[in-house]
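The values are calculated or read from the model by the stated rules, or taken from the named source; none is laboratory data. Please read all numbers here as calculations on a predicted model, not as lab measurements. Here the Cβ positions follow ideal geometry from the backbone for every residue, glycine too, while neighbour counts run over all protein chains shown.
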């Protein structure tokens, strides 16, 4: 009778019911949503702060340059004595004092008690520049309206030439998606691979294992554990994705941060040219992202992601299970952990370079070799920089490699779980592989 | 009828031989003691019967069939190295083990409830294992071993960790299981319990079986013709009358009473000794000294 489902169920339920799982599930998306929302949030908070600026205009010609806005109000001082004026400013509690002493010169002084805000300085500079520019236009007889109408805004639309014709593409977005995929796969292999190892050690330390393997085959026990924990990982991943979406959505609605166009809008946008879009969005960068999202090959990406996510996890989890079976406690795992984690870390570090050069020989080899392909291949697929035969080879090798590691791990596992009080060496492991 | 038979089972590890051609046979409805010093190979043999490891050569038969994976549900095994998942609830855990042995969910629940009732551990069902004392955990473990009503039970040091009261409860349960038709293999170093529960034994030393048979037969085999006598009379005259066929092994005097151990060296009958003593006084008691399993164990292992 096949008992894997029974084992799988226990492994899954005991982990999902843990408090730490619940906490991670809630805290994870909050952190992720915070990362996405925080920059916009901070920008908004700053905008809301009201500031008053004192202005001393000796020339009396700048009055029209400063209109009060929602956040900044201007107040003109008339005191001509410099020292008295400074005292008046200090008493007023205003944020800063701009002093204009010369007629139409480019030299201005901004007094404040603390170093003035970059933004305030920027705004004052802009106002003065615009004011002085307009004066110059008038002096030189240039019509402002004519000048404005001559201005252009340019948006470059990248297009790739494929067998099916040309396609709109965006360079930044696939790169970001590929890199995020690599981070997620790397993180989950590590987190849940180590969980498999801990689970095996727990059974060994609690001495449950001998009772268990008088009822089930060691292979079934290992397989049930690995698959059960894989499902925990997928559950966690899905919950994170959904919750992050919900949190970002709700927060956006409440605070009116319409950073992403809604879905109905997307279909409308699809029928417009990029020029029209430019007009609507008023920002060519957002238009680029929207076009990228619409034209990105989601099917290929999601399929590849899921396959390499699962394949990479199974490959590494079986190795982690073997390590767990060979030791008596977690501190002894160090010597075996190193060779297992090195390729994983290497792949992750290399991914950052491969993003810049996805067709290079480093990218090719790392996306073929099974120990690094789970992280590198999704990056290349996201960027659309791969050949079909490369993908097929990579998938084939990963399947082969994971069957081989499961087989090897099962042999080590079978001997290891009943071995106590023995410091295991690589030589010893080699012997175990040859046991019946 | 024979329920289990091993035939010339051999298991060789890297540096030592764990079992060399060990053959044992367990009769249905009996308690079979598997004895031997530490490291003799008992656990290896038990693991082979449980199909945890495979023998290098030799065969194992259960119900006259060669051992196969389906037999797992017919065996209940309480290993010496045992434990439970600390963070899991007692009831859930017992259900898990029962289902791993092939019971359906409903059967497992019904049977477990009645066993929990019987062992008076009902209120632990929803407790986590780590909240229980070591002895309580042993009780739960015992229940999970017998819940699927296996025909063959294997207990490796079942009494370790039990207080005398619970050890007695356990012993009675083992005897009750036997009465209900289960066959039991019982491995222990506690020789007193062997005498109380075992019908047959096998003694393994350094990978070889050195002794087996019915407990009563083995005891007879190890008898040394020594008699313990309590005697009220003239010891000196009695001693002087003894021929070379007798040897006084021990002699203690309390007032006029002598407590003696006398060995009959030749094939003489006990009646001869008795009638000789009656000439010099009154015999209060006269018993043959039967060797304990403890003595037999030490004698057999050292003599091997």
| said: Can you find, within the range B:95-114, the residue that is surrounded by the fewest Cβ atoms within 10 Å (Cβ to Cβ) among those that are in a helix (DSSP H, G or I) and within 12 Å of chain A (Cβ to nearest Cβ)? | reply: B:105
| Any residue at all in the range A:64-76 that is assigned to a helix (DSSP H, G or I), in contact (Cβ under 8 Å) with a residue 24 or more places away in the chain and over 30 Å from residue B:99 (Cβ atoms)? | yes
| query | For residue B:160, are the conditions met, namely being in a loop (DSSP other than H, G, I, E, B), at negative phi and under 14 Å from the mean Cα position of the chain (by Cα)? | reply | yes
| Before we move on, is residue B:137 in contact (Cβ under 8 Å) with a residue 24 or more places away in the chain and either under 25 Å from residue B:29 (Cβ atoms) or more than 12 Å from chain A (Cβ to nearest Cβ) (or both)? | no
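Name the residue that is nearest to the other protein chains (Cβ to nearest Cβ), counting only residues in the range B:62-73 that are buried (at least 16 other Cβ atoms within 10 Å of the Cβ) and closer than 15 Å to residue B:5 by Cα.
So the residue we want is B:71.
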| field | Any hit, the range A:197-210, residues being more than 12 Å from chain B (Cβ to nearest Cβ), part of a helix (DSSP H, G or I), at pLDDT 90 or above and buried (at least 23 other Cβ atoms within 10 Å of the Cβ) | value | yes
| note | Of B:19, B:4, B:34, B:78, the only residue that is within 13 Å of another protein chain (Cβ to nearest Cβ) and in contact with a strand residue (DSSP E or B) (Cβ under 7 Å, 6 or more places away or on another chain) is B:78
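Residue-by-condition table, conditions (1) loosely packed, with under 15 Cβ neighbours inside 10 Å; (2) modelled with pLDDT of 80 or more; (3) not assigned by TED's automatic domain parsing to the domain that holds residue A:226:
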residue	(1), (2), (3)
A:15	no, yes, no
A:19	yes, yes, no
A:40	yes, no, yes
A:55	no, yes, yes
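Which residue out of B:14, B:59 is away from every other protein chain (no Cβ under 14 Å), over 15 Å from the mean Cα position of the chain (by Cα) and surrounded by fewer than 24 Cβ atoms within 10 Å (Cβ to Cβ)?
Values: B:14 fails: away from every other protein chain (no Cβ under 14 Å).
That would be B:59, the only listed residue that is away from every other protein chain (no Cβ under 14 Å), over 15 Å from the mean Cα position of the chain (by Cα) and surrounded by fewer than 24 Cβ atoms within 10 Å (Cβ to Cβ).
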| task | Count, please, the residues in the range A:211-242 that happen to be within 13 Å of chain B (Cβ to nearest Cβ), without any contact (Cβ under 8 Å) to a residue 24 or more places away in the chain and in a helix (DSSP H, G or I). | result | 2
| Hey, among the residues in the range A:1-13 that are at the interface with chain B (Cβ under 9 Å from one of its Cβ atoms) and at pLDDT below 90, which one's surrounded by the fewest Cβ atoms within 10 Å (Cβ to Cβ)? | A:1
| request: Answer yes or no: is there a residue in the range B:38-45 that is touching a strand residue (DSSP E or B) at 6+ places or on another chain (Cβ under 6 Å), at pLDDT 85 or above, part of a loop (DSSP other than H, G, I, E, B) and away from chain A (no Cβ under 14 Å). | output: yes
| Tally time: how many residues in the range B:221-245 are assigned to a strand (DSSP E or B) and without any contact (Cβ under 8 Å) to a residue 60 or more places away in the chain? | 5
| request: Go through (1) over 23 Å from residue B:184 (Cβ atoms); (2) more than 8 Å from every other protein chain (Cβ to nearest Cβ) one by one and return the number of the condition residue B:118 breaks. | output: (1)
| query | Out of all the residues in the range A:336-379, which are modelled with pLDDT of 85 or more, out of contact with any helix residue (DSSP H, G or I) (no Cβ under 8 Å at 6 or more places or on another chain) and more than 20 Å from residue A:402 (Cβ to Cβ)? | reply | A:338, A:349, A:361
